[in-house]
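The values are calculated or read from the model by the stated rules, or taken from the named source; none is laboratory data. Just so it is clear, the structure is predicted and the values come from calculations on it, not from any experiment. Positions of Cβ are backbone-derived with ideal geometry, glycine not excepted, and every protein chain shown enters the neighbour counts.
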Amino acid sequence: MTTTAFLGLGAMGYPMAAHLVRQAQASGGRTLVWNRTPDKAQRHAQEHGSEAVTLEGVAQADVLFTCLPTSAEVDELISALAPQLRSGVLWVDCTSGHPDAARRQREELAAHGVKFLDAPVSGGTSGAEAGTLTVMLGGPAEDVDAARPHLAFAGKVVRVGDTGAGFAVKAVNNMLLAVNLWAAGEGLAALGRSGVELGAALDVINASSGRSNASENLIPQRVLTREFPVTFALGLLAKDAGIALDVVQSARASAPTLAQVAGLIRAASHVVGPEQDHTAALKLLEQMNAQELK
Ligand code: NDP
């Protein structure tokens, strides 16, 4: 009987932890939940049948998941928890974290006999609710294999390399999201200023080679509707773009386009607000073009 714990019941963690409960109910295990703001853990327990615990209570877990904004918050929890954890515990970090932090965190936890995997996810809040997230894992193959049966929120699981590789792939993926979003926005701003109706332009682009998830889903559903529903914060995308640039730098790679878009996303986060949805980055582009995308 496995006891899992999920720490960080945010936009992603809350629905991810619900899948752990469903799996535990089928197999006879337990699911503990902890959140900085405890009300959310209480609500999760009432809504899904998890057990809300204090940080000390988390020490009962065999497998421990975290999904926090950045590696810095994971560091805080490692400092608080590592001395209390039993040897052999597996710590699976689903935060979109930093590869350097992952290597340090694995070492720090290893000193207590605890194994660490970087296991960021993609698929957004809708993927978290549906249990179809893609999980990209960094760490030794045997630890990844030990984690696999517990990834109840996953639709696809890929070991991408050693410790830190999961975070690196996630950062580059989100950098590509930023590039596609920004580039599609630039093209549409130019077309809008030329008098083209943007719905018609997208109709063509989405049946053609210029399409992307940004043109097919994000822009029509969130930007043209002017709704910008907050599911993934712009500040978190700016953080991911910064990590991607660190990956570029430490690999001594040449990636001028990524550097430019990372700068624009950082600027958009400052101007529009880090708590806005990531698609609201295009509001900065609208200001730059005196052209609303609608
Ligand atoms: P949210 O802002 O919705 O949730 C953040 C969570 O972290 C909350 O539970 C919050 O607790 C907790 N938290 C914040 N600061 C601390 C702290 N100092 N100590 C302990 N807990 C803390 O973020 P998301 O769920 O959107 O994102 C989580 C991670 O997943 C990020 O790394 C993000 O980049 C990544 N991600 C997000 C996706 C999305 O679509 N939203 C998609 C894929 C990855 P509290 O409730 O108390 O504020």
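Quick notes
- Selected residue [closer than 22 Å to Asn289 by Cβ and within 16 Å of the ligand (Cβ to nearest atom)] from Leu188, Leu177: Leu177
- Residue within the range 28-47 that is more than 10 Å from the ligand (Cβ to nearest atom) and modelled with pLDDT under 95 present: yes
- Test: Ala168 is out of contact with any Gly (no Cβ under 8 Å at 6 or more places or on another chain), more than 13 Å from the ligand (Cβ to nearest atom), touching a residue at least 40 places away in the same chain (Cβ under 8 Å) and of a type in the set (A, V, I, L, M): no
- Verdict on Val21 being within 13 Å of the ligand (Cβ to nearest atom) and part of a helix (DSSP H, G or I): no
- Any hit, the range 152-166, residues being aliphatic (A, V, I, L, M) and part of a helix (DSSP H, G or I): yes
- Neighbours by Cβ (under 8 Å, 6+ apart or cross-chain): first from the range 1-24, within 15 Å of Val63 (Cα to Cα); second in a helix (DSSP H, G or I) and among the hydroxyl-bearing types (Ser, Thr, Tyr): Met1/Ser27; Thr2/Ser27
- Residue among Val248, Val272, Val261 that is farther than 22 Å from Thr95 by Cα and either in contact with a Leu (Cβ under 7 Å, 6 or more places away or on another chain) or not assigned by TED's automatic domain parsing to the domain that holds Arg193 (or both): Val272
- Candidates are the residues of the range 48-63 that are closer than 21 Å to Asp143 by Cα and in contact with a helix residue (DSSP H, G or I) (Cβ under 8 Å, 6 or more places away or on another chain); the one that is nearest to the ligand (Cβ to nearest atom) is Val58.
- Within the range 23-57, the residues that satisfy the criterion of being acidic (Asp, Glu) and more than 23 Å from the chain's Cα centre (by Cα) are Glu47, Glu51, Glu56.
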